[in-house]
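Trainee: Input: one structure, supplied below.
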Amino acid sequence: MEVKGKPQAEGEWSTGFCDSCSDCSNCCMTCWCPCVTVGRIAEIVDKGSTSCCAAGALYMLLTWFTGCGFIYSCHYRTKMRKQYNLKGSECGDCFKHFCCERCALTQAYRELTNRGFDVPLGWQGNAERQNVGVAMGAPVVQGGMMR
């Protein structure tokens, strides 16, 4: 999928790590309720196999009870980086989430947006959006009537 905006070198993130304010609504959501941002990212990165609610709830519980929710969100940054061949390392991902969780989450969210996803729609919503206008075939009849 082609990245919107300015062209970048292969493997580069489409936005900088500290460009949080370039998407004000995402920045505010991530500051006040990071579990929603984590859930949305996880659902798309996992291609729908993890629901937004499940991922967000797990992140919230890990953060509340251990203070280590950043380890869970870091996992999705690493997974997304590998899916899209983005530069970086697992250690760097973990360091970024530990030092500035909000910046790391907003950057991952913006990356998905710049890759053509409408992140709030989730995986299923994006799949349906891409299939809009595709003609559906006639229903298949399984055989004639029999007595």
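Trainee: Against the definition (open to solvent by less than 50 Å² (accessible area, probe 1.4 Å) and polar (S, T, N, Q)), how does T66 come out, yes or no?
Mentor: no
Trainee: So, of the residues in the range 76-103 that are among the polar types (S, T, N, Q) and over 18 Å from C35 (Cα atoms), which turns out to be most open to solvent (accessible area, probe 1.4 Å)?
Mentor: N85
Trainee: Considering each residue of the range 116-136, count those that are within 10 Å of the chain's Cα centre (by Cα) and without any contact (Cβ under 8 Å) to a residue 24 or more places away in the chain, and give that number.
Mentor: Residues meeting the conditions: 1.
Trainee: I've got another one for you. Give T106, T113 a once-over and let me know the one that is open to solvent by 30 Å² or more (accessible area, probe 1.4 Å) and in contact (Cβ under 8 Å) with a residue 60 or more places away in the chain.
Mentor: The unique qualifying residue is T113.
Trainee: Here's something else I'd like to know. Here are some residues: Y84, Y76. Which one is modelled with pLDDT of 95 or more and under 18 Å from T15 (Cα atoms)?
Mentor: Y76
The values are calculated or read from the model by the stated rules, or taken from the named source; none is laboratory data. Worth saying up front: this structure is predicted, and the values here are computed from it rather than measured. All Cβ positions, even for glycine, are placed from backbone atoms using ideal geometry, and neighbour counts span all protein chains on display. Accessible surface areas use protein heavy atoms only, side chains included; no ligands, DNA or RNA. Shrake-Rupley method; radii C 1.70, N 1.55, O 1.52, S 1.80 Å.
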